[in-house]
Amino acid sequence: MTFRRRLTAASLLILVMKVFSGQTLTCHKEQYQTGNLCCSMCDAGSRVQTDCTESRNTSCVPCLEGTYNNQPTGLKYCFSCSHCGADHSLKIKTSCTTTSDAVCEPQEGFYCVEPSDNGCESAEKHRRCEPGQYISQKGTASTDSVCSDCSDGSFSDGTFPSCRPHTQCETKNLQLLKPGTTSTDAECGEHSSRTKIITTITVMSILLLFAVIACVIYYVRRKKRTLTL
């Protein structure tokens, strides 16, 4: 009985030592733990194919095209490259390699709404200003456009970087046909009295020309009759 008790106590001690030994196993920064072993990590751009053993070092293989690992790893897989697709209004800023992920940026006329480590996850189209507003702050790849209202006496169709003053018809010797609004310019035209004068002069000139022609014809015919007699 004493021998059996001693054997049981010794077995328990060995088991406790093993457990304690496993808990206190500390691997170096460039290693990863698997079981009771510290294995060397694979370099960036590769992954673990097989873990190390007591007699063999870690076996590594390069990441396949379209995947990457951007730092030394003990993983047995590589990460998939980010997709900079038009479905998210993105384009590629920096292509993916086996050691770095792709960097995405918004397409022209869009701004990022979901920033991430690889640039941007999703983008939206810049705000379009309404007629009567001007673009007070142009949109960038990270910010939306800012619109502001035009004040009285000025206008914008929504695409102007600033509101434009209404045309002053009087300064052009024209009459105001339609007042301007915040979205449209004033409409000008010829003064009605001036138009009438020009029309009258034109008509009189035509009548005078016909009269001169008639007189010439009458004089020529009369002269022919005189010569005949």
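The values are calculated or read from the model by the stated rules, or taken from the named source; none is laboratory data. For clarity, every value in this text was computed on a predicted model and none was experimentally measured. Cβ: placed from backbone, ideal geometry, glycine included. Neighbour counts: every protein chain shown. Accessible surface is based on the protein model in full, side chains and every heavy atom, while ligands, DNA and RNA are left aside. Shrake-Rupley method; radii C 1.70, N 1.55, O 1.52, S 1.80 Å.
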If we ask which residues in the stretch 145-158 are within 30 Å of Val103 (Cβ to Cβ) and crowded, with 17+ Cβ neighbours inside 10 Å, their number turns out to be 1
Report, by residue number, each residue of the stretch 123-170 that is over 15 Å from Thr181 (Cα atoms) and not in a loop (DSSP other than H, G, I, E, B). Ala123, Glu124, Lys125, Ile135, Ser136, Gln137, Val146, Cys147, Ser148, Glu170
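Among Gly74, Gly119, Gly45, Gly35, which is at positive phi and at pLDDT 95 or above? Walk me through how you get there before you give the answer.
Numbers: Gly74 fails: at positive phi; Gly119 fails: at pLDDT 95 or above; Gly35 fails: at pLDDT 95 or above.
From the options Gly74, Gly119, Gly45, Gly35, the qualifying one is Gly45.
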List pairs: first in the stretch 187-200 and under 15 Å from Thr171 (Cβ atoms) and of a type in the set (Gly, Ala, Ser), second at pLDDT 70 or above and in a strand (DSSP E or B), Cβ under 6 Å, 6+ apart or cross-chain? Gly189/Gln175; Gly189/Leu177
Would a scan of the stretch 159-166 turn up a residue that is of a type in the set (A, V, I, L, M, F, W, C) and either open to solvent by 40 Å² or more (accessible area, probe 1.4 Å) or touching a Pro at 6+ places or on another chain (Cβ under 9 Å) (or both)? no
Can you run down the residue pairs with Cβ atoms below 7 Å, 6 or more apart or on separate chains, where the first is in the stretch 140-169 and at positive phi and the partner is surrounded by 15 or more Cβ atoms within 10 Å (Cβ to Cβ)? Gly153/His166; Gly158/Cys129; Gly158/Gln133
Return the total of residues in the stretch 111-133 being under 23 Å from Pro161 (Cβ atoms) and open to solvent by 60 Å² or more (accessible area, probe 1.4 Å). 6
If Ser55 meets every condition in (1) outside any loop (DSSP other than H, G, I, E, B); (2) of a type in the set (Gly, Ala, Ser); (3) farther than 30 Å from Ser151 by Cα apart from one, which number is that one? (1)
Please work out which residue is nearest to Leu37 (Cα to Cα), limiting yourself to the stretch 59-74 and to residues that are in contact with a Gly (Cβ under 8 Å, 6 or more places away or on another chain) and either among the acidic types (Asp, Glu) or open to solvent by less than 40 Å² (accessible area, probe 1.4 Å) (or both). Asn69
Considering the stretch 76-110, residues that are in a strand (DSSP E or B) and among the aliphatic types (A, V, I, L, M), and then whichever is surrounded by the most Cβ atoms within 10 Å (Cβ to Cβ), we arrive at Leu90
Using the structure shown, decide if Cys188 is hydrophobic (A, V, I, L, M, F, W, C), within 30 Å of Asp43 (Cβ to Cβ) and either at pLDDT below 95 or not in a loop (DSSP other than H, G, I, E, B) (or both). no
